[in-house]
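Peer 1: If you scroll down you'll find the structure; I have some questions about it.
The values are calculated or read from the model by the stated rules, or taken from the named source; none is laboratory data. Quick caveat, the model's predicted, so the values are computed rather than measured. Cβ placement follows ideal geometry from the backbone for every residue including glycine, while neighbour counts extend to all protein chains displayed.
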Amino acid sequence: MTSKVSKLRQELPDREAIRECLFRYSRGVDRLDEAMIRSAYWPDAIDNHLNFVGTVDQFVAMAFPLMRHMDQAIHMIGNILIDMHGDEADVESYFWGIQRIAGAGGGKQDVIAAGRYLDRFTRRDDEWRIAQRMVMTDWFRDFPDSADWSKGLMGIAVKPGGRFPDDASYHLLRLFQDEVTSEPQ
């Protein structure tokens, strides 16, 4: 179950394209950037996400109203295993997500979830995207409260990151602006 260096060297550009696709998905979810999320999936992809199974269009329609109620969200991806099979790849990626949501009584609470994305990627026209996804939740924790942002980080006032198009990254960086349009479809 090991990969030869010569095989990895040959697959390196494809592996990097797959990793970049995973990172685009996370950025799209955290910034609530619909075009960025869509850029990670083929239009005919199927997503099996918690209690949802459906197309990308259906996923966006279901997830965006829920995600709009999150003040902040951050998804980290690691431990990416990729098994290439020509124009297909089986990919297991561990994730860790933290969200600040509205809690009972109008307060805020933090939710942490961890698990794995089990993805089948396909390459079409020299581009890798998700064709099929299953989300496996391996751990979660609901906290009854959240940090008091008015007190700042260690007493230092900070402004949290924002969503599309207000987040500073859309003004300071040119991440994928040539490839991904940020207009919802």
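Peer 1: Among the residues of the range 63-84, are any free of Cβ contacts under 8 Å to residues at least 12 places away in the same chain and out of contact with any strand residue (DSSP E or B) (no Cβ under 8 Å at 6 or more places or on another chain)?
Peer 2: For the range 63-84, residues free of Cβ contacts under 8 Å to residues at least 12 places away in the same chain and out of contact with any strand residue (DSSP E or B) (no Cβ under 8 Å at 6 or more places or on another chain): present.
Table: residues versus (1) surrounded by 12 or more Cβ atoms within 10 Å (Cβ to Cβ); (2) over 18 Å from the mean Cα position of the chain (by Cα); (3) in a loop (DSSP other than H, G, I, E, B); (4) at pLDDT 85 or above.
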{"site": "Val111", "(1), (2), (3), (4)": "yes, no, no, yes"}
{"site": "Arg120", "(1), (2), (3), (4)": "yes, no, no, yes"}
{"site": "Trp128", "(1), (2), (3), (4)": "yes, no, no, yes"}
{"site": "Arg141", "(1), (2), (3), (4)": "no, yes, no, yes"}
{"site": "Ser150", "(1), (2), (3), (4)": "no, yes, no, no"}
{"site": "Lys159", "(1), (2), (3), (4)": "no, yes, yes, no"}
{"site": "Leu175", "(1), (2), (3), (4)": "yes, no, yes, no"}
{"site": "Glu179", "(1), (2), (3), (4)": "no, no, yes, no"}
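Residue by residue, here is whether (1) assigned to a helix (DSSP H, G or I); (2) within 15 Å of the chain's Cα centre (by Cα); (3) farther than 14 Å from Thr122 by Cα holds:
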| residue | (1), (2), (3) |
| --- | --- |
| Arg15 | yes, no, no |
| Phe23 | yes, yes, yes |
| Val29 | yes, yes, yes |
| Ala35 | yes, yes, yes |
| Asn48 | no, yes, yes |
| Asp57 | yes, no, yes |
| Met62 | yes, no, yes |
| Ile80 | no, yes, yes |
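Peer 1: Inspect all residues belonging to the range 153-169 and state whether any of them is touching an Asp or Glu at 6+ places or on another chain (Cβ under 7 Å) and under 17 Å from Met67 (Cβ atoms). Show your work before the answer.
Peer 2: Initial filter on the range 153-169 (touching an Asp or Glu at 6+ places or on another chain (Cβ under 7 Å)): 161, 164.
Subset that is under 17 Å from Met67 (Cβ atoms): 161, 164.
Among the residues of the range 153-169, at least one is touching an Asp or Glu at 6+ places or on another chain (Cβ under 7 Å) and under 17 Å from Met67 (Cβ atoms), which makes the answer yes.
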